[in-house]
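Peer 1: One structure is given below, represented as structure tokens, and several questions about it will come after.
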Amino acid sequence: MLVESGSIVTNDILSDDVRCMVIQVPSIAAEAEPGQFVMVKNENGGTFLRRPFGIADVDREQGRILLIYRVAGKGTQELAGLEPTMELSVEGPLGGGFRFESDGLEAGGRTLLIGGGVGVAPMIYTARRLAELEPANKPVFLLGIRNEGELFWQDYLKDFTEEIIVTTNDGSAGIKGFAIDAMPEILSRYDIRHIKICGPTIMMEGLAKLAMEQGIECQVSLEKRMACGVGVCLGCTFEGMISGKRWKICHDGPVFPAEEVFEK
Amino acid sequence: MNFERLATDFAGIKMKTPVMGASGTFGFGIEYKDFLNLGDVGAIISKGLTPLPRSGNNGVRVAETPGGMLNCIGLENPGIDVFLRDILPKVRQEAPDTAFIANFSAGTVEDYGMMAAKLDVDGVDGVEVNISCPNVKEGGIVFGTDPRAAAAVTEAVKKNTKKPVIVKLSPNVTDITVMAKAVEEAGADAIALINTLTGMVIDIRTRRPLLGNITGGLSGPAVKPIAVRMVWQVAQAVKIPILGLGGITCGEDAVEFLLAGASAVAVGAENFVHPDAVVRVAEDIDAYLEAVGLKHVSELVGQVRI
């Protein structure tokens, strides 16, 4: 965990409102694990607080991290206007990331990764790690997006996945509907032993409940407004379903077992 | 950093520098140990403690605002007993030589006294009495806006502890000097100001308040001129030392508070942005002292030229 001044390598347009940024931060890149995040600040900008972003991918050799973000408010608008060689203050890597369990995979079982909206971002690095850990048994990916304009995610995922199943809200690509609508087919075709999800809460809730009903180990990556990212401001806490503990999403998560977050 | 130049005795609390981490923005200090040397921190002021554990308010609890932020955490904390049993020993282990000030509030005058008694233990160097939290109904601003209630709380705390007692005032009053004089007369050893200013943000798409608690406390650079003005006003009105805070992000900001009459300062929201801020501000003050040729930071206190 540290604050590192990083130089922007690229800051490109992926769709109407989604951008991808590569930042040169060798110390953070050397430590970052799938599911962890960074807090970013433009020291010459007009906003006060840092902004949290899940680490979309890491290139340790080059000392770079990839962020994929949706332009949603003042902070991200400002970020979208930055150009290569400009400096950003990056704090991280923060949080704990996904746990990787291999039980059931040796028998041909699979891990299902699910990403919704811009929550797909941290699942890229997660898919890369799984493909490295189990090269003969790559994860299946369920990609829940708004429309065909967001199919760019496939380019980042295809090398690390066995198959990408797409759902779009408007039916312009893949299955029309929400991610959960693709689950019956996926569960019938694959022996899914582990599920990891990052996306909107409402989407994760339905999928996590389904996973719990089916007895499939499931981890969810949470997001909530936070000011500090290190467990101090207490902006992002919630009460664990089973433990009753007050968890800090930034410090104790952002990844939690599904049953600690959602009611069965 | 020249610690001889910076060493400060604040109402009997001995600190290596005059810069503290403000309550609610510095955890228990140990959360920041990867980012700064806790030994270089003037004092750690704890997250606000209460008699029982609190989970705080529901919904959105933090939001960026122009030049700062709003929060409505609602005093989430593990409660005084868990603090004394599990947290304080860890703090003393990680930061054995750093002054530690316990911030607390309660729902009744009696409970304020009880909290003070429980915190009158080794490892706690002083207490900061929170009578100014804008985000909870009980324990806080009710006592912070009525001079008689503030005095009653101060007396109850003083009666139950041998530690230096700092009373933290709310800026959400018509005349802050009235509150300052009331707690001074009631025996406070020092005054801290300002706590956050009550504010509100409305999401125009949903037409609902952005914060779960509707209103929240405003902090960050946006409040600094108000805080400096209030420190200056209170410095004219009382003799006890003042801990100045509100929007400090750098040494220059801190020097303003010292010139206005504060004997020590605390860094608040800026810790969220730059986790090494408490030490960096002390270094900046030291550089300023060097540049203007002063031998000790106390030579700045109250020296604004009117």
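The values are calculated or read from the model by the stated rules, or taken from the named source; none is laboratory data. Since the model is a prediction, treat every value here as computed from it, not as a measurement. Counting neighbours? That spans all protein chains shown, and the Cβs are built from the backbone with ideal geometry, glycine included.
Peer 1: Exactly one of (1) surrounded by fewer than 17 Cβ atoms within 10 Å (Cβ to Cβ); (2) modelled with pLDDT of 95 or more is unmet by A:Gly6. Its number?
Peer 2: It is condition (1) that A:Gly6 fails.
Peer 1: Select from segment B:225-254 the residues that are of a type in the set (Val, Ile, Thr) and either within 17 Å of the chain's Cα centre (by Cα) or within 14 Å of chain A (Cβ to nearest Cβ) (or both) and list them in ascending order. Lay out the reasoning, then the answer.
Peer 2: We begin by selecting, within segment B:225-254, every residue of a type in the set (Val, Ile, Thr); these are B:226, B:228, B:231, B:234, B:238, B:240, B:242, B:248-249.
Within segment B:225-254, B:Ile226, B:Val228, B:Val231, B:Val234, B:Ile240, B:Ile242, B:Ile248, B:Thr249 qualify.
Peer 1: Let me ask something additional. Can you tell me which residue within segment A:231-264, out of those that are of a type in the set (Asp, Glu) and farther than 13 Å from B:Glu76 by Cβ, is nearest to the other protein chains (Cβ to nearest Cβ)?
Peer 2: Step one: filter segment A:231-264 for residues of a type in the set (Asp, Glu), giving A:239, A:252, A:259-260, A:263.
Retained after the next criterion (residues that are farther than 13 Å from B:Glu76 by Cβ): A:252, A:259-260, A:263.
Values: A:Asp252: 12, A:Glu259: 20, A:Glu260: 16, A:Glu263: 17 Å.
This residue is A:Asp252.
Peer 1: Kindly provide the set of residues from segment A:229-246 that are closer than 19 Å to A:Gly75 by Cβ and in contact with a Ser or Thr (Cβ under 8 Å, 6 or more places away or on another chain), ordered by number. Give the derivation first.
Peer 2: To start, the set of residues in segment A:229-246 that are closer than 19 Å to A:Gly75 by Cβ comprises A:229-230, A:233, A:235-236.
The answer is A:Cys233, and nothing else.
Peer 1: Quick check: is even one residue across segment B:115-122 over 20 Å from B:Val142 (Cβ atoms), buried (at least 21 other Cβ atoms within 10 Å of the Cβ) and away from every other protein chain (no Cβ under 14 Å)? Even if it seems obvious, please write down each step before you answer.
Peer 2: Within segment B:115-122, the subset over 20 Å from B:Val142 (Cβ atoms) is B:117-122.
Then keep just the ones that are buried (at least 21 other Cβ atoms within 10 Å of the Cβ); that gives B:119.
With the extra rule that they be away from every other protein chain (no Cβ under 14 Å), the set shrinks to B:119.
Checking segment B:115-122: at least one residue is over 20 Å from B:Val142 (Cβ atoms), buried (at least 21 other Cβ atoms within 10 Å of the Cβ) and away from every other protein chain (no Cβ under 14 Å).
Peer 1: Please report, ordered by residue number, the helices (runs of 4 or more DSSP H) entirely within segment B:141-217 with at least 2 residues that are surrounded by fewer than 22 Cβ atoms within 10 Å (Cβ to Cβ). Quick ask: steps written out before the conclusion?
Peer 2: Working: elements: B:141-144, B:147-159, B:176-185.
Fully inside segment B:141-217 and qualifying: B:147-159, B:176-185.
Peer 1: Out of A:Gly63, A:Gly92, report the one residue that is touching a residue at least 24 places away in the same chain (Cβ under 8 Å), surrounded by 24 or more Cβ atoms within 10 Å (Cβ to Cβ) and on the phi > 0 side of the Ramachandran plot. First the steps, then the outcome.
Peer 2: On the way: A:Gly63 fails: surrounded by 24 or more Cβ atoms within 10 Å (Cβ to Cβ).
The match here is A:Gly92.
Peer 1: Follow-up. What number of residues within segment B:7-60 are more than 10 Å from every other protein chain (Cβ to nearest Cβ), touching a strand residue (DSSP E or B) at 6+ places or on another chain (Cβ under 8 Å) and of a type in the set (A, V, I, L, M, F, W, C)?
Peer 2: The total comes to 14.
Peer 1: Would you check if A:Lys138 is among the charged types (D, E, K, R) and over 21 Å from A:Val18 (Cα atoms)? Step through it out loud before you land on a result.
Peer 2: Details: among the charged types (D, E, K, R): yes; over 21 Å from A:Val18 (Cα atoms): yes.
Yes: the conditions hold for A:Lys138.
Peer 1: Here's another thing I want to ask about it. Given (1) under 19 Å from B:Gly27 (Cβ atoms); (2) buried (at least 17 other Cβ atoms within 10 Å of the Cβ); (3) of a type in the set (Asp, Glu), where does B:Asp111 come up short, assuming only one miss?
Peer 2: It fails just one condition, (1).
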